[in-house]
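Shown next, in structure tokens, is the structure this report addresses.
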Amino acid sequence: MDAEEHKLPLSQNPEWADVTPIPQDDGPNPVVPIAYKPEFIETMDYFRAVYKANEFSPRALQLTHQAILLNPGNYTVWHFRRLILDALGIDLNEELEFMSGISENNPKNYQIWHHRRWIAEKLGADVASKELDFTKRMLFLDAKNYHAWSYRQWVLQTLGGWENELSYCHQLLEEDVFNNSAWNQRYFVVTGSPLLGGLEAMRESEVKYTVEAILRSPENESPWRYLRGLYKNDPKSWISDPQVSSVCLKVLSAKANHVFALSTLLDLLSHGFQANQEFEDAVDSLRPSNSDPPDSDLAKAICSILRHVDPMRVNYWTWRKNKLPLSV
């Protein structure tokens with residue numbers, strides 16, 4: 001198809017003269033018919049015709065391109081495009097290039113990400129680096145794009161490319177330590193990379209890294225959650241590691257941004273941590289002057305303080321306090 005023919009409406013294009021378009025069937029009396037643009041109506045009418053005929057041809061492939069530009073979320077068009085690509089043996093590296101332009105304008109389109117995954121799976125490990133670079137570009141545009149993160153994790157697990165992933169997570173956290181998606185990805189790498197030895201092998205260095213992040217921004221919930229995750233299914237190590245209780249004490253002693261330090265200490269106590277007098281004094285110094293009479297039990301005292309300093313979750317801290325055993 002030359003450039004002039006491509007510009008013509010399909011109904012006037014000689015290449016499509018043998019095709020009878022199939023109109024959309026909305027029934028005899030549609031209640032609220034959609035006011036489609038003429039170009040969309042024509043394109044989809046011809047698409048229905050080639051779809052019904054199972055026509056796997058270059059012109060049908062080009063037609064899916066036009067249909068996708070008009071509606072990138074049409075999963076039937078994407079499915080048919082995959083059938084055509086398979087049938088014609090099209091170079092899928094070229095398809096990836098086509099996808100990149102479409103993706104940047106539709107970064108959260110399920111069909112586009114699924115199609116890209118289908119291509120990458122067929123091309124194999126050779127495109128792992130290219131696909132990781134692609135997700136970097138997408139995450140630069142939106143660091144919280146779930147589709148990009150999900151696809152990146154699939155690439156790592158299926159095609160490889162783990163070598164620099166921990167460094168990439170570090171880079172993102174250096175740029176924004178509040179990027180909870182980057183913290184989530186870091187945990188995914190630490191627990192899933194075949195190159196790092198697993199969570200236990202990485203725990204000591206990761207705890208040190210996380211404690212430093214907490215001390216820089218103690219009001220940031222993400223590293224506190226990450227720290228807890230480093231002891232998943234191992235509460236004994238969690239309550240016995242002095243780095244965990246120490247960072248709580250340091251933040252409490254600073255008397256600012258201590259909500260997550262208090263809640264972490266409460267969890268430690270609930271799992272059997274034995275606090276010394278330093279913790280008692282640090283918590284007592286945070287008690288508001290207008291608060292209820294002081295509790296002799298440290299865990300209950302923490303809940304009382306949290307009811308004042310974290311009013312958004314006052315009912316939760318009341319519930320936690322009521323659920324505490326007589327002696328924690």
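In the chain, if the dipole is taken from +1 on Lys/Arg beta carbons and -1 on Asp/Glu beta carbons about the Cα centre, which of 9, 171, 30 is farthest to the positive end?
Ranked along the dipole, the leading option is 171.
Given the rule -39500 (n - 2.57) for each run of at least 4 DSSP H residues, summed and divided by the residues of the chain, what is its mean residue ellipticity at 222 nm, to the nearest 500 deg cm²/dmol?
Rounded to the nearest 500, the figure is -20500 deg cm²/dmol.
At 1.4 Å probe radius, can you tell me the per residue accessible area of the chain in Å²?
Solvent-accessible surface per residue comes out at 54 Å².
Identify which of 211, 19, 127 has the largest mean-square fluctuation in a Gaussian network model of the chain, with springs joining Cα atoms closer than 10 Å.
Of 211, 19, 127, the most mobile in the Gaussian network model is 19.
Taking 4 °C and 1.567 mPa s as the conditions, I'd like the Stokes-Einstein D for the chain in µm²/s, using the Kirkwood hydrodynamic radius from alpha carbon pairs.
Here the translational diffusion coefficient equals 53 µm²/s.
Which of the lysines could a cross-linker bridge to residue 37, judged by Cα under 20 Å and excluding same-chain residues fewer than eight apart?
7
Among the aspartates and glutamates, which have Cα under 17 Å from the Cα of residue 122 when same-chain residues fewer than 8 positions away are ignored?
Residue 122 reaches 86, 91, 94, 95, 97, 131.
Relative contact order for the chain using alpha-carbon pairs under 8 Å, separation at least 6, rounded to a whole percent?
7
Pick from 103, 129, 296: which residue has the top mean-square fluctuation in a GNM of the chain where Cα pairs under 10 Å get a spring?
Maximum among the listed residues: 296.
GNM on the chain, C-alpha springs below 10 Å: top fluctuator among 182, 35, 201?
In the Gaussian network model the winner is 35.
Got a number for carbon plus sulfur as a percent of the chain's accessible area, 1.4 Å probe?
Here it works out to 51 percent.
Give the shape of region 1-137 as rounded, prolate or oblate, defined through the alpha-carbon gyration tensor: a ≥ b ≥ c are the square roots of its eigenvalues, a/c under 1.5 means rounded, and otherwise the shape is prolate if a/b is larger than b/c and oblate if not.
On the way: a/c = 2.12, a/b = 1.59, b/c = 1.34.
It is prolate, given that a/c is not under 1.5 and a/b is the larger ratio.
Based on the mean of other beta carbon atoms within 10 Å per residue, what is the order of 172-179, 263-270, most packed first?
Values: 172-179: 15.0, 263-270: 21.5.
Top to bottom by mean Cβ count within 10 Å: 263-270, 172-179.
The values are calculated or read from the model by the stated rules, or taken from the named source; none is laboratory data. Fair warning: this is a prediction, and the values are worked out from it, not measured in the lab. As a convention, Cβ positions derive from the backbone with ideal geometry for all residues, glycine included, and neighbour counts pool all protein chains shown. Quick note on the areas: whole protein, heavy atoms, side chains included, nothing else; ligands and nucleic acids left out. Shrake-Rupley method; radii C 1.70, N 1.55, O 1.52, S 1.80 Å.
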